[in-house]
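Visitor: A single structure is presented below for examination.
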């Protein structure tokens, strides 16, 4: 096993589009509900080691910010080591991070970012505009394997502007562009003399310095004394431990071996709530379960087969039995209640469980019955194996035999996801429709997990980015949701809450961010011991 050892925000400034208030306000991302909580009422206490037990680790993990696949490296790279140009605050608003401010031309096609001065990398180097340019170009290069490549491909040119400015020209107007720069993959790293970046050492501008990195096992970071954010990064050390099994995570928390866990099993939720030493964190969000089918492989290349599978899942049963009734029904598109342009029930009718319609679509596909395999692992989402079994039972009435294949947790995102014909997945959702559509459903996107392409969808995606008339923009996004609902290659049955738990030794802020798990992946920065 390889290891590596190494030795408050300003107000948002967006003077754009004729000096009017920016068209796109921050999405109401939703907040975490704290049960049995011990929120911080006084100034955060400094010191101690925070121990995070979470899912999503792999022996293939890397410190390259472009290759973050799950919450484990999201915690390490994004939540501890590095900062982005912008940040989604706990209240769901977009705020400056390494960019002090930004402005755009009236067509939202050229953006100028003023880079914060006086920020220091862990190696002592002062952050400058060249570091930002190199960090963005890391994902734009022709040989880049970054999962952020689809986000930054809209940039046609990026250059240093004066002492601390960066100008980015886009291929078309994009009203949501500053939101995209808050993605965990776009953490800023120090530039090398050749214009590339040093990602290998883990050096960043974040609140913690890398001490130990053991992929698939654990990571240790220590507080950086010269962290530029006042009132943040309170722990002396942060230990992030990969614990794939939900029961093992829960037992470690209850035994005091871990201070916080993600993806607590809903079956143990009431038990955790009754423990006087534990606080349960339930967060409604845009997080959703997805079961992507590779649309280029038979039988999933037939839309009637895809529709048959969509009608064969008992969504309410999954919601009740796997998620304890927490969350809401999905409708085979990824836009949740926190998104601005989510289609109403009148615009897109909720798809029911209907075995007869499943049979109808199988017959249209020329089939009397269907035999398929569904690859699952609990690292995809807590309860994925049980969910697969329930789906298999409900599908039988429609003439569909689903063989549930239990895959290994370790390496799931490298060996199963994007590779097996049909598998379990989940998404935290994104603050804007364009972001999730671009990253997961656009033609050729690195994370297009179903390998799905639709000419009309891709055309609407480009048009909606630069459409500044709100009503027209909404029409486009609703049509895109309808296309996914009717022709998409992913079954999206449930919008699931974040189910997390922490020791009452942790003092939590009044609000927790819900754009990602564990306070938007920022628990190491925002929390402290009581």
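The values are calculated or read from the model by the stated rules, or taken from the named source; none is laboratory data. Fair warning: this is a prediction, and the values are worked out from it, not measured in the lab. Here Cβ is always computed from backbone atoms with ideal geometry, including for glycine, and neighbour counts include all displayed protein chains.
Visitor: Restricting attention to segment 235-249, and to residues there that are surrounded by fewer than 24 Cβ atoms within 10 Å (Cβ to Cβ) and not in a strand (DSSP E or B), which single residue is modelled with the highest pLDDT?
Guide: Per the criteria, the residue is 236.
Visitor: So which residues in segment 217-255 are over 30 Å from residue 120 (Cβ atoms) and in contact with a strand residue (DSSP E or B) (Cβ under 6 Å, 6 or more places away or on another chain), if there are any at all?
Guide: Correct list: 243, 249, 252, 253.
Visitor: Evaluate the following for residue 47: is it under 19 Å from residue 517 (Cβ atoms) and in the same structural domain as residue 220 (by TED's automatic domain parsing)? Spell out the reasoning first.
Guide: Details: under 19 Å from residue 517 (Cβ atoms): no; in the same structural domain as residue 220 (by TED's automatic domain parsing): yes.
The answer is no for residue 47.
Visitor: Of all the strands (runs of 3 or more DSSP E) wholly in segment 125-224, which have at least 1 residues that are within 23 Å of the chain's Cα centre (by Cα) and assigned by TED's automatic domain parsing to the domain that holds residue 100? It would help to see each step written out before you state the result.
Guide: Working: elements: 155-161, 165-170, 208-214, 218-223.
In segment 125-224, 155-161, 208-214, 218-223 are the strands (runs of 3 or more DSSP E) which contain 1 or more residues that are within 23 Å of the chain's Cα centre (by Cα) and assigned by TED's automatic domain parsing to the domain that holds residue 100.
Visitor: Restricting to helices (runs of 4 or more DSSP H) lying wholly in segment 466-530: which have 1 or more residues that are out of contact with any strand residue (DSSP E or B) (no Cβ under 9 Å at 6 or more places or on another chain) and within 22 Å of residue 177 (Cβ to Cβ)? Can you show your working first?
Guide: Values: elements: 470-487, 517-520, 523-526.
Filter on segment 466-530 gives 470-487.
Visitor: Just to be sure before I move on: is residue 202 surrounded by fewer than 20 Cβ atoms within 10 Å (Cβ to Cβ), at pLDDT 95 or above, in contact with a strand residue (DSSP E or B) (Cβ under 9 Å, 6 or more places away or on another chain) and at positive phi in the structure I sent?
Guide: Working: surrounded by fewer than 20 Cβ atoms within 10 Å (Cβ to Cβ): no; at pLDDT 95 or above: yes; in contact with a strand residue (DSSP E or B) (Cβ under 9 Å, 6 or more places away or on another chain): yes; at positive phi: yes.
No.
Visitor: Mind listing whichever residues of segment 500-524 are surrounded by 24 or more Cβ atoms within 10 Å (Cβ to Cβ) and more than 18 Å from residue 285 (Cα to Cα)?
Guide: Of everything in segment 500-524, those that are surrounded by 24 or more Cβ atoms within 10 Å (Cβ to Cβ) and more than 18 Å from residue 285 (Cα to Cα) turn out to be 502, 524.
Visitor: For residues that are at pLDDT 95 or above and touching a strand residue (DSSP E or B) at 6+ places or on another chain (Cβ under 8 Å), scanning just segment 329-345, find the one that is farthest from residue 426 (Cα to Cα).
Guide: Within segment 329-345, the match that is farthest from residue 426 (Cα to Cα) is 329.
Visitor: Quick one: in segment 444-453, which of the residues that are under 19 Å from residue 154 (Cβ atoms) and at pLDDT 95 or above is farthest from the chain's Cα centre (by Cα)?
Guide: From segment 444-453, those under 19 Å from residue 154 (Cβ atoms) are 444-448, 453; that's our starting set.
Right, trim to at pLDDT 95 or above and you get 448, 453.
On the way: 448: 14, 453: 22 Å.
Once the filter is applied, the top-ranked residue is 453.
Visitor: Quick one: which residue in 273, 310, 357, 321 is buried (at least 21 other Cβ atoms within 10 Å of the Cβ) and outside any loop (DSSP other than H, G, I, E, B)?
Guide: Values: 273 fails: buried (at least 21 other Cβ atoms within 10 Å of the Cβ); 357 fails: buried (at least 21 other Cβ atoms within 10 Å of the Cβ); 321 fails: buried (at least 21 other Cβ atoms within 10 Å of the Cβ).
After applying the criteria, what remains is 310.
Visitor: Then there's this: Out of 368, 403, 346, 356, which single residue is within 17 Å of residue 315 (Cβ to Cβ) and assigned by TED's automatic domain parsing to the domain that holds residue 306?
Guide: 356
Visitor: State yes or no: is residue 410 surrounded by fewer than 20 Cβ atoms within 10 Å (Cβ to Cβ), part of a loop (DSSP other than H, G, I, E, B) and within 21 Å of the chain's Cα centre (by Cα)? Can you show your working first?
Guide: Working: surrounded by fewer than 20 Cβ atoms within 10 Å (Cβ to Cβ): yes; part of a loop (DSSP other than H, G, I, E, B): yes; within 21 Å of the chain's Cα centre (by Cα): yes.
So residue 410 passes the test.
Visitor: Among the candidates 162, 124, 173, single out the residue that is out of contact with any strand residue (DSSP E or B) (no Cβ under 8 Å at 6 or more places or on another chain), surrounded by fewer than 23 Cβ atoms within 10 Å (Cβ to Cβ) and under 27 Å from residue 474 (Cα atoms).
Guide: Values: 162 fails: under 27 Å from residue 474 (Cα atoms); 124 fails: under 27 Å from residue 474 (Cα atoms).
Within the list 162, 124, 173, the selection yields 173.
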